[in-house]
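Comments concern the structure below.
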Amino acid sequence: MLAIYRWENGGLKETPDFDESCWINLVDPSTTELERVLTFSKVPRDFLTDPLDVDERPRFDYDDDDVRMLLVHVPCLDTTDEVIPYRTVPLGIILFGKSVITVCRTQTPVTTAFLDQIRRVCPPRNQYRFTFRLLWHGGVLFLRYIQDIHLRTNALEGELHESISNEVLLKLLTIEKTFVYFTTSLKADTIALARANTARQMMSMSEDDRDQLEDAMVEYQQALETATIHANILNGTLDTFASLINNNLNNVMKYLTVATIFLAVPTLITSAYGMNIKLPLVPNGAESSSPGVFWALFALSLGIAGVIGVVLFVLYRKRKF
C-alpha cells in the first residue's frame, strides 16, 4: 500500500501525487509501488527493501547523495495470537530532499497514531523533527503495550495462586517470550538512536531537533528498562511456580512413601505365613492352625506399623521428614 501525505492548513492531507515536500508511507508495497517511489526519490533500492525483512536489525545509515535512513523496530498488533497480540517489526525512515519515506512490512500503530496526534505532527520538510516525533510515538506505544502485558501477567498470576494450571503456565511462557522480543528490539533501537545522536552534527540538526531526538531516546530507554524489569519479575515468578510444583510433587511422593511403608508390613508378614513350610504358630501347615493365629498375626502387623508410625511422627515433629 502506498499513501502520500502533504502538509496543508496545519495538518497532513492524503494526496494521490508526489510533492516536493511530502510524507510517503509504504506498507507491504508491491513492486510497482516500489518502482514508483524509487523513480521519484532516487534513493538506494536497499533503503526501501531492507525494512521489509522481518529479521533486519535496527541501524542508522546514509548515502553519498545526502540520503539518510534510520531503521528501528516498533511494536504492532498481532491479531493471530490470542494470548499476547503484540510483536515488533522493522520500520525504515528515509530522509531525502525535503521529504520523508516510511517503509514497513505491516500496518503499524506508530504511523496511524502519529496521524491522530495533530499537536505533535509537523511538516515533512522539517525532516528531523518529523522523524523524531514519529519515533517518540513508537516509544510511547512500547510503554503502553508493556503496561498492558504486565496487567495480563498479574491476572494470570492470580489464577495460578488459586490453582496451578499447565495452560496458564504456557501463557506466562508466551508472555516471557514477548518480553524477550521487546527487550532485544529496544536494545538495538537505543543503539541506533545513539548512533544518530552521534552523527547529529553531520546532519546539521537544530537545537529543537536535538531536543526531539533526546525525547525519543528517553522514551526508548525508559521502555527498555521497564520491559527488562517486568521480564526479570516474570522470570522469577515462573521459577517460583516451578519450585512450588516440585515441592508439591515431593510432598505427594512423601505421602505415597509413608503409605507404602505401612502397607509393606502386613504384606511381608502374611507373605511369609503363606509359604508351605513350618512356621511359628503353624507347626503342621495352615490347615491345622488354630483360629487365633490370624488375629495374632494381625496384632503383630498392627504393632509393627504403630511403631513405624510413632518413629515417623517424631521425625516429622523434628522437621527431619
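A few remarks follow.
- Counting only Cβ charges, +1 for Lys and Arg and -1 for Asp and Glu, the dipole size of the range 34-108 around its Cα centre is about 260 debye.
- Accessible surface of the chain [probe 1.4 Å, protein heavy atoms]: carbon and sulfur percent: 55 percent
- Remark: relative contact order (the chain) = 14 percent; criterion is Cα-Cα distance under 8 angstrom and separation of 6 or more residues.
- Residue (of 109, 224, 73) at the positive-pole extreme of the chain, dipole from beta-carbon charges: 224
- In this simple spin-label approximation, residue 27 and residue 170 carry label points 7 Å from Cα along the Cα→Cβ vector, and these lie 3.2 nm apart.
- Of 44, 124, 90, the one that fluctuates the most in a GNM where the chain has Cα springs shorter than 10 Å: 44
- A run of the chain free of exposed loop cleavage sites, with GluC sites (Glu not before Pro) counted only in DSSP states other than H, G, I, E and B and at most 10 other beta carbons within 10 Å, reaches its longest extent at 83-321.
- Of 88, 240, 106, the one that fluctuates the most in a GNM where the chain has Cα springs shorter than 10 Å: 240
- Residue 295 paired with residue 38, simple spin-label distance in nm, labels 7 Å along Cα-to-beta-carbon: 10.3 nm
- Computed from Cα positions, the angle between helix 207-272 and the longest principal axis of the chain comes to roughly 10 degrees.
- Most fluctuating residue given options 150, 161, 137, as computed from a GNM of the chain linking Cα atoms under 10 Å: 161
- Computed helical MRE - 222 nm, the chain, DSSP H runs ≥ 4 contributing -39500 (n - 2.57), nearest 500: -20500 deg cm²/dmol
- Straight-line reach from residue 13: taking Cα to Cα under 18 Å and skipping same-chain neighbours fewer than 8 places apart, the aspartates and glutamates in range are 116.
The values are calculated or read from the model by the stated rules, or taken from the named source; none is laboratory data. Nothing here was measured: the structure is a model prediction, and the numbers come from that model. So basically every Cβ, Gly included, is an ideal-geometry build from the backbone, and we count neighbours across all protein chains shown. Areas reflect the complete protein model, heavy atoms only, side chains present, ligands, DNA and RNA absent. Shrake-Rupley method; radii C 1.70, N 1.55, O 1.52, S 1.80 Å.
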